[in-house]
Structure formats: structure tokens, C-alpha cells
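Data first, discussion second: the structure below is written as C-alpha cells.
The values are calculated or read from the model by the stated rules, or taken from the named source; none is laboratory data. These numbers were taken from a predicted model, which means no experiment stands behind them. No Cβ is skipped: glycine too gets one built from the backbone with ideal geometry, and neighbour counts run over all protein chains shown.
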RNA sequence: CGGGACGUGGCGCAGCUUGGUAGCGCGCAGCGUUCGGGACGCUGAGGUCGCGGGUUCAAAUCCCGCCGUCCCGACCA
């Protein structure tokens, strides 16, 4: 390819509405162009990157025994109504209606298509297991698209679906995919971690997230500095401090705290650290009141609480609840709560004594409240929001919060789709059973953005070899010099001949413009052919990954480029 | 959907407070000089000032409504 004809105009300045490095650089490098919020045209350079990622994914899926097919994007709503997702997916679903008034949707994921399909085609246990995948554009009307390709409303995803006879089979299929995913992300040279994710409200199914480390990532996870613990913030459990050995118990005493209805106000009035206070949060679960105790400087993680009571819904007390039960908002303390209130405490509370907490009366708190003596704790449960610096549950090491981008997510679905869709196969004993399903997603366009986040410097992108749009750029530094042109053309042809993906920058621009563009677009290797180098019989090379420059005799410039390419990550 | 900011040639911005001929830089086209880290000179093309309404002799500028975009939050493969 010659850059003089390539449909790619780089931008000299940062676009005003791009903030994240990947968004900024992909726009500037002419990989993508925005059409509307969260929807982008993939330009020729960008499409080459996408294709390369797809190829890696396809190779690993095929190697794992999955079979590629291609399912429609515009799909009927009926099966979605059966699984309940027509309603549950809410406004995120792109809905449309055909001329006959039938409801359709643009697929955000394809369980409702693939499941009935498999039930029709493979109705016997002898057909199983089977794993089907596709690489197709997905549509989700995100609440807030952002960061360019990182959260788009249209995005390219590889989605795979496994069907097994039983749970053992599902686990085997899942393990195979888990390992295939590791190979995909290893080959993509991503710095990533795998975490067992919050089972959430899907129903306690096992699932893992593959998360590429990036500052702009939307998902926060914790990692022990000693490297032995990784967890999603929604699942992370800090090691509680040791219980006090022989606490010097103060007497319980009331203290006036006029107007101090917040932890901060109480701490200020009494001149104590917020961590000395005991926060008592009230929730309503199935008509009963639940109190959660955490130190005043900590937050309750309501997702953890929700999981504890799933499928019951946990709701934070509102003003009416306080009024109805006679609690004083801002002055609630556990010592006054009756037997009808379940009192949960985070284990961290064991490490403290002589708490300052509400006295269950307006403008009054108490000092010296102690568990056991002054109030009871029905159960200790992990309910605290993890934070930077907490102790690792495994070795007590310091926990650090890091951000990441979810590039892959795999689930053991079980029968949660096959049951409502009545997708059953005949088992060996003749009975009908619902398929045990797994689903496995990889965000192709998201990998592209994540790689851009991880591989760039001030000058531009630094693609790993496997996803670079082209491997080598031959820069013709003086387009008006016949010798330079001849040598550049020769090296370009030789590299192409050797199967290297190469572009020739034959534009009539000054050398500086070409150098800047080469750095911006991020070709792994640059070969500069110009008058200056030629006078010494050399071509000059640059390895973008390190920005190291070198020279090679013009006659062996192609060899030198190939050698350098081999040194690109 | 809540909070914030912004919308002026392809891109980045000024002009708006105090209404009166629509500007600058980059890019684009032509000519010339330059030519290994985003050159310079001259000439030129290109704009419903997001859209609609209102005030006014007169609106990019003031008022009302809407739309769009980005950031934070809620939410989420």
C-alpha cells in the first residue's frame, strides 16, 4: 500500500471531544471516525487492526473446537419475551418494529437466537457437546457511551455459546474456553488479569472477567502488592484487624451532639477521628429491618448486602421508614435496636471498641459503646466497601485499587436460557433435559482500544506486531531524489515479496511530516530512505516499541527491518 | 436520568459581557522558494455562526424552547 492513496488523513491536533488516550489517538491516526455518540466508522487502517484481532480470536476458537456461524442482527422479540429479557434489558435494547407491527430488536447478544437453533438441529445427547461462535456487530443503547471505542453503542464482539448434556460437561467446555481466552489475550500482548466476577443477580452462576489494565478503565479491582490476591471490588474482602485482646472498656455515656446528623459532624464536634465512630445503616429486606455496622470512615457495599439476601430485594431506609419505625435518622445506634431488627456487622468492627454511635434520640450520641456489652451483633458478614490500602485477606499485604477494561467475559449459564426457551434434548435414558449452556464474549473493538491504551507514548500509538495495521513503513524522505525513490521502492518491493505487511510513504510531504505520522500511526518498524542516509550507503531504522534508531547498509535494509520486526513485542 | 461544560468553514479556536460588513491557526487548491522530526511567501476556494421561535431598524451576540457532543455520577459484556 502506498500512503499517497491510502484513505487516511491524520489529525495534527487532538480532537476537542476525545479525552481518553485511545480515543484521541485512534481518531488522530485515522483509524476511526465518529458518526454519532458511541458509533464509529472503522477506517481502512482501523479495519486492518480489527481483522487481525478477529483472526487471532478465530484461530483460538477453532482450535478450541468451536464452530463459526453467523446469526442475524435484526431478530424477533418473541424469544426475548420468553426469557424475560425483552423487559429486563430495558432502554439498552435497540427496539424496532416492522411494517406488520411485529417487535424486533438489534441483537446485543444472541442467546435467544442460538438456543432454539441448537434445539432444532441437535436434539440428541449424542450431538453434544457443541460450541458455536460468531464475530458480529452488537447493539446496545448504552446509558452513557464513552471513551470512543471503549464503550460504544455499536461494537464488534465474538460471542460463543456452548451446549452440554450435564454440569460436568459444562465445566469442561468452560475450562476449554477459559484457556482459549488466555491464549487470545496473551497473543494480543495485553497486560490483563482474570478475576472471578460478581455473580450478581444472574443467579449465582460462575463467571470470569478478563480485564485489561488501563487508567481509563471503568472497572475497579483490587490487587495485593505481593501478587497473591486479585478481586473485583464488588467481591473483595479485606482482612479484618485482629480483635482487641483486652480492651479497656469505657462506661457507656450519652453526649450531646446538637445538629450532628452525619459522621463528619459528629467527629468534628467531639474532636475524634471518624474511624472511632460506628455507622449504623438501616435497610429493609422482605418487610424486616436489617442494620449494618461499619466504622464511620467506611462505606457499606450494598451489592454485597444484596447478594447476601438474594433473591430478596434489599432497599435502603428512606425517611418514611425511619418515621414508621421510630428511628431517628442520623442518630441511630445499635444498642437501642430490638429483637425485630437483624444486626449485621462487618468483621472490621471486631477490631474496635468504645465506639461513638447514635443514642437513638435527636441530637444525642453515646461514647463507649461496645459489642456484647452494649449491643448485640447477630452475624458478622463481609459488607464493607474495599478501599486502597486495605489488608490482603491472604497475606495481609497492602491492597491497591487498579482500573481495567473488561475485554472478555465468560459465564456458566446452566439452564437459565434453555429452560424458558424450552430448549431440550433427549438424554440417553429417553428423558428430555434442558441444555447446560455457557456463553463467552470477547470485545474485538474493545481489545483494539485497550491495546491503544496500553501501547502509546506522547507521539502516538505503538502497536504490538500482531495487531499493527502494517508491520513496516518505508519512508521516502526525499521524494524528488531519483536515487532515494529507487532504493525506497526496491526495499518496499523486497519486503512485500517476503510477505511483510508494508506501506510506502510516497507522499510529497516533507520528511518531518512523515516521521510524525509514522510515530502517530504506530507502525512497529520504520525504514527511512533519504539523501542523507544514502550518502553513507545506509537506510535508517526505528523500532517504535522502544524508539531505538539504527542504521543498516542500504542493500540489506530489508533484512534489518525484518530483524527489528522480530524484536517487536 | 441528575450535575457540569460546549456547539462559529474539514480540524483546533477567537468574536458574544457592551447587538451594527464573520475572523485567526492548521488543513485544502494554485504558483514560487524550501526539503531528515509536523517549512515559508503570495494567491484562492470553503461558513444556513446546531435548529426553531421571540425581542429589535438590525441577532453569532439578548430571551425562550428544542437538538447534538463531551466530562462526572447512577447503570452496564
| Among (1) surrounded by fewer than 21 Cβ atoms within 10 Å (Cβ to Cβ); (2) within 30 Å of residue A:433 (Cβ to Cβ), where does residue A:145 come up short? | (2)
| Quick check, is residue A:473 away from RNA strand B (no atom under 15 Å from the Cβ) and touching a helix residue (DSSP H, G or I) at 6+ places or on another chain (Cβ under 6 Å)? | no
| note | Taking the range A:510-527 and keeping only residues that are over 35 Å from the mean Cα position of the chain (by Cα) and either surrounded by fewer than 18 Cβ atoms within 10 Å (Cβ to Cβ) or at positive phi (or both), one is left with A:510, A:511, A:512, A:513
| message | Which count do you get for residues in the range A:108-131 that are within 14 Å of RNA strand B (Cβ to nearest atom) and assigned to a loop (DSSP other than H, G, I, E, B)? | response | 3
| task | Can you tell me which residue within the range A:556-569, out of those that are exposed (fewer than 15 other Cβ atoms within 10 Å of the Cβ) and either at positive phi or part of a loop (DSSP other than H, G, I, E, B) (or both), is nearest to RNA strand B (Cβ to nearest atom)? | result | A:567
| Got at least one residue in the range A:459-470 being over 41 Å from the mean Cα position of the chain (by Cα), within 11 Å of RNA strand B (Cβ to nearest atom) and closer than 24 Å to residue A:27 by Cα? | no
| task | Please give the helices (runs of 4 or more DSSP H) falling wholly within the range A:8-107 in which 2 or more residues are in contact (Cβ under 8 Å) with a residue 24 or more places away in the chain and more than 30 Å from residue A:178 (Cβ to Cβ). | result | A:21-28, A:44-63
| message | Name the residue that is modelled with the lowest pLDDT, counting only residues in the range A:84-103 that are exposed (fewer than 11 other Cβ atoms within 10 Å of the Cβ) and within 24 Å of the chain's Cα centre (by Cα). | response | A:90
| Among residues of the range A:490-509, those that are buried (at least 24 other Cβ atoms within 10 Å of the Cβ) and assigned to a loop (DSSP other than H, G, I, E, B), counted | 0
| note | Residue hits (the range A:7-24; closer than 23 Å to residue A:515 by Cα and either over 20 Å from the mean Cα position of the chain (by Cα) or near RNA strand B (Cβ under 8 Å from one of its atoms) (or both)) are A:7, A:8, A:9, A:10, A:11, A:12, A:13, A:14, A:15, A:23
| task | May I ask you to list the residues in the range A:477-486 that are within 11 Å of RNA strand B (Cβ to nearest atom) and closer than 15 Å to residue A:2 by Cα? | result | A:477, A:479
| query | Of everything in the range A:544-555 that's under 40 Å from the mean Cα position of the chain (by Cα) and more than 7 Å from RNA strand B (Cβ to nearest atom), which residue is surrounded by the most Cβ atoms within 10 Å (Cβ to Cβ)? | reply | A:544
| task | Starting from the range A:523-549, take each residue that is without any contact (Cβ under 8 Å) to a residue 12 or more places away in the chain and list its partners that are near RNA strand B (Cβ under 7 Å from one of its atoms), counting only C-beta distances under 6 angstrom and pairs at least six apart or across chains. | result | A:549/A:542
| note | Expected single match for away from RNA strand B (no atom under 13 Å from the Cβ), farther than 23 Å from residue A:507 by Cβ and touching a strand residue (DSSP E or B) at 6+ places or on another chain (Cβ under 8 Å) among A:63, A:77 is A:77
| message | Could you go through the range A:399-419 and let me know if any residue there is more than 30 Å from residue A:193 (Cα to Cα) and either in contact with a helix residue (DSSP H, G or I) (Cβ under 8 Å, 6 or more places away or on another chain) or not in a strand (DSSP E or B) (or both). | response | yes
| message | Pairs needed: first member in the range A:459-483, without any contact (Cβ under 8 Å) to a residue 40 or more places away in the chain; second member anywhere, more than 12 Å from RNA strand B (Cβ to nearest atom); C-beta distance under 9 Å; at least 6 residues apart or different chains. | response | A:479/A:485; A:479/A:506
| message | On the basis of being touching a residue at least 40 places away in the same chain (Cβ under 8 Å), touching a strand residue (DSSP E or B) at 6+ places or on another chain (Cβ under 9 Å) and surrounded by fewer than 19 Cβ atoms within 10 Å (Cβ to Cβ), does residue A:182 make the cut? | response | no
| note | Of the residues in the range A:522-543 that are in contact with a helix residue (DSSP H, G or I) (Cβ under 7 Å, 6 or more places away or on another chain) and closer than 20 Å to residue A:457 by Cα, the one that is nearest to RNA strand B (Cβ to nearest atom) is A:526
| Selection status of residue A:37, surrounded by fewer than 20 Cβ atoms within 10 Å (Cβ to Cβ) and either modelled with pLDDT of 95 or more or within 12 Å of RNA strand B (Cβ to nearest atom) (or both) | yes
| Does residue A:333 satisfy the condition of being under 18 Å from residue A:386 (Cβ atoms) and either within 16 Å of RNA strand B (Cβ to nearest atom) or surrounded by 20 or more Cβ atoms within 10 Å (Cβ to Cβ) (or both)? | no
